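J.: Please read through the structure below; I'll follow up with questions.
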Amino acid sequence: MGMGGRFVHGDDFAAAVWRELNPEPFKRKAVEPVSPGSRERRLRAIEEAGYNTFLLRSEDVFIDLLTDSGTSAMSDRQWARMMKGDEAYAGSRSFAFLEETVRELFGFRHVIPTHQGRGAENLLSTALIRPGHFIPGNMYFTTTRAHQERNGGTFVDVIIDEAHDPQANHPFKGNVDLDKLRDLIRRVGPANIPYMYLAVTVNMAGGQPVSMANMKAVYELCREHGIPVFVDAARCVENAYFIQQREPGYADRPVREIVREMMSYADGCCMSAKKDALVNIGGFIAVNDDELARRLRELVVLFEGMPTYGGLAGRDLEAVAQGLWEATEDAYIRHRVRQVEQLGEMLRERGVPIVEPVGGHAVYLDARRFLPHLPQDLFPAQSLAAALYIVSGVRSMERGIVSAGRNPQTGDHYRPRLELVRLTVPRRVYSLRHMRVVADAAAQLLSLRDAISGLEMVYEPPTLRFFTARFRPVSPWGI
Ligand code: F0G
């Protein structure tokens, strides 16, 4: 049914449309053609890619939901700013714009650019972690944990238990369990905890947010023990939107103010600008402490570049700063998170099993429930991602037993409880129609699921195997 008939004179029709239909708060100025191609071509492509969506060529992909990282569409204002980029080796005007922007939006004094998020993680981990240290965090992230371990630290998961259950319905499933954190501090002593690392939102839990109350409580607990708190800010604006929607007292506060308050409960942050800052490359680390900033500037010259450009061009710094202003506009962020939620709603309506509640940047298919006949050794999530591509040209990502890798001691697979396929929505790129194609494709596949016999691995690289492993069906699939 259309919306027209339900309105009487004097109602604000436009406002209601805005709320219900979630139209894009932008219009197109440049486009890139995409098409599903033929079934034969997709079959050939997935064969050549060894049934691994990471190995597909992007020109063989129709709707690319591999990641939301570096895949955003930039605005006309960002492109215009790029033209004005100041490429001076030192003292660039573009750096000054980024610095002012981060100070204003996040409230941190020192801003140091890096080439992307993991560049910032490298600086922070190298500056503060020594062998024997423990770093608490709300669930691991691959690059973050790798940098902590490289410096001799051990990551300790202090997220609430609900985060590990795909069907537990909690509004802030990314929250820290304060008892787990207290327990760690008691067990190893605050001197062995260089900092607490708090991700907002939590990628590996499904893009789940942390509440303001929890951020504040974590900060206070850590401060009592002299432990600084650093935030992984990659998706902090999405987190702020969830606070606005779900936490009492924030409904009328602009997202920009909420972001600023969130950061007031931290001593600094690492930012992968490739997510919420709406750019294709970039990042930074921002901190308050003068002495730490001095050490980070010493390290940035070693790994990235001068402290005023950190591995980026002046034009990139412009795009990041402008992107941050746009990302923190309520109309933008509402549309963004709503679109992901709408994909979740369409999947739910079609009976497709997903992780609940839907997170900020992605909807996750629950491959255990989607393909209940497949044991984990036949790679259900890997199979599902490949099958989805075959039927529709939609590219997704496995987040299950393949991503988890092997236990170096026993040589057996790690067997994670979560066996998921991530449908990650790029920002400002696809329409609701595209989301509808994804939902219909998943529903179509659900009706054919018995014809998917699973995969066997025919090539396994020694590390981060999910990127390059190759597979083949254990018997032909009838999809
Ligand atoms: N932190 C989080 C929460 C991330 O999701 C990522 C990247 C990083 C840090 C690292 O940032 O890529 O700029 O070096 N996540 C991407 C993804 C790769 O697809 O989820 P980076």
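J.: Please give the length that would be gained between residue 467 and residue 245 if that part of the chain were fully extended, namely 0.36 nm times their separation in residues minus their C-alpha to C-alpha distance (nm, one decimal).
T.: Extending this stretch completely gives an extra 76.3 nm.
J.: Right, something else. Where the centroid of each part is defined by its Cα atoms, how far is segment 64-79 from segment 258-308 in Å?
T.: So the two Cα centres are separated by 21 Å.
J.: Right, next: Please get the size of the charge dipole for the chain, origin at its Cα centre, with Cβ charges of +1 on Lys and Arg and -1 on Asp and Glu, quoted in debye to the nearest 20.
T.: 640 debye
J.: Another question about this same structure. Quick check for you: which residues of segment 350-377 have the amide N under 17 Å from the point 7 Å beyond the Cα of residue 440 toward its beta carbon?
T.: From segment 350-377, the list is 350-352.
J.: A follow-up question, please. How much length is gained on full extension from residue 11 to residue 80, taking 0.36 nm per residue of separation minus their Cα-Cα distance?
T.: Contour length minus Cα-Cα distance gives 21.0 nm.
J.: I would also like to ask the following. Dipole size in debye (nearest 20) for segment 374-479 around its Cα centre, Lys and Arg Cβ +1, Asp and Glu Cβ -1?
T.: Around 540 debye, computed over segment 374-479.
J.: Next question. Working out 0.36 nm times the residue gap between residue 432 and residue 350, then minus their Cα-Cα distance, what length gain in nm do you get to one decimal?
T.: That works out to 27.9 nm of additional length.
J.: Excluding ligands, DNA and RNA, what is the solvent-accessible area per residue of segment 110-214 at a probe of 1.4 Å, expressed in Å²?
T.: Roughly 34 Å² per residue, with all protein chains present.
J.: Right, something else. Just to be sure I understand: if I project the alpha-carbon convex hull of the chain onto a plane and average over all orientations, what area do I get in nm²?
T.: The Cα convex hull of the chain, projected and averaged over all directions, gives 23.9 nm².
J.: Leaving out ligands and nucleic acids, note down the accessible area per residue over segment 360-468 with a 1.4 angstrom probe, in whole Å².
T.: Here the per-residue accessible area is 37 Å².
J.: OK, next. Any idea of the accessible area per residue across segment 233-315, 1.4 Å probe, to the nearest Å²?
T.: Heavy-atom SASA per residue in segment 233-315 reads 36 Å².
J.: On to the next question. Any idea how far apart residue 183 and residue 27 come out in nm if each label point goes 7 Å out from Cα toward Cβ?
T.: Computed distance between label sites residue 183 and residue 27 equals 5.7 nm.
J.: Let me know the number of lysine pairs in the chain closer than 28 Å at the Cα, not counting same-chain pairs under 8 apart.
T.: 14
J.: Tell me, how many Å apart are the Cα centres for segment 402-479 and for segment 119-195?
T.: 27 Å
J.: Carbon and sulfur: what percent of segment 76-327's accessible surface (1.4 Å probe)?
T.: 50 percent
J.: Among DSSP beta bridges whose residues both lie in the chain, state the antiparallel percentage, nearest 5.
T.: Restricted to the chain, the bridges split so that about 65 percent are antiparallel.
The values are calculated or read from the model by the stated rules, or taken from the named source; none is laboratory data. Just so it is clear, the model here is predicted, and its values are computed rather than measured. In this analysis, Cβ positions are derived from the backbone assuming ideal geometry, glycine residues included, and neighbour counts consider all displayed protein chains. Each accessible area value is taken on the protein alone, full model and side chains, heavy atoms only, with ligands, DNA and RNA left out. Shrake-Rupley method; radii C 1.70, N 1.55, O 1.52, S 1.80 Å.
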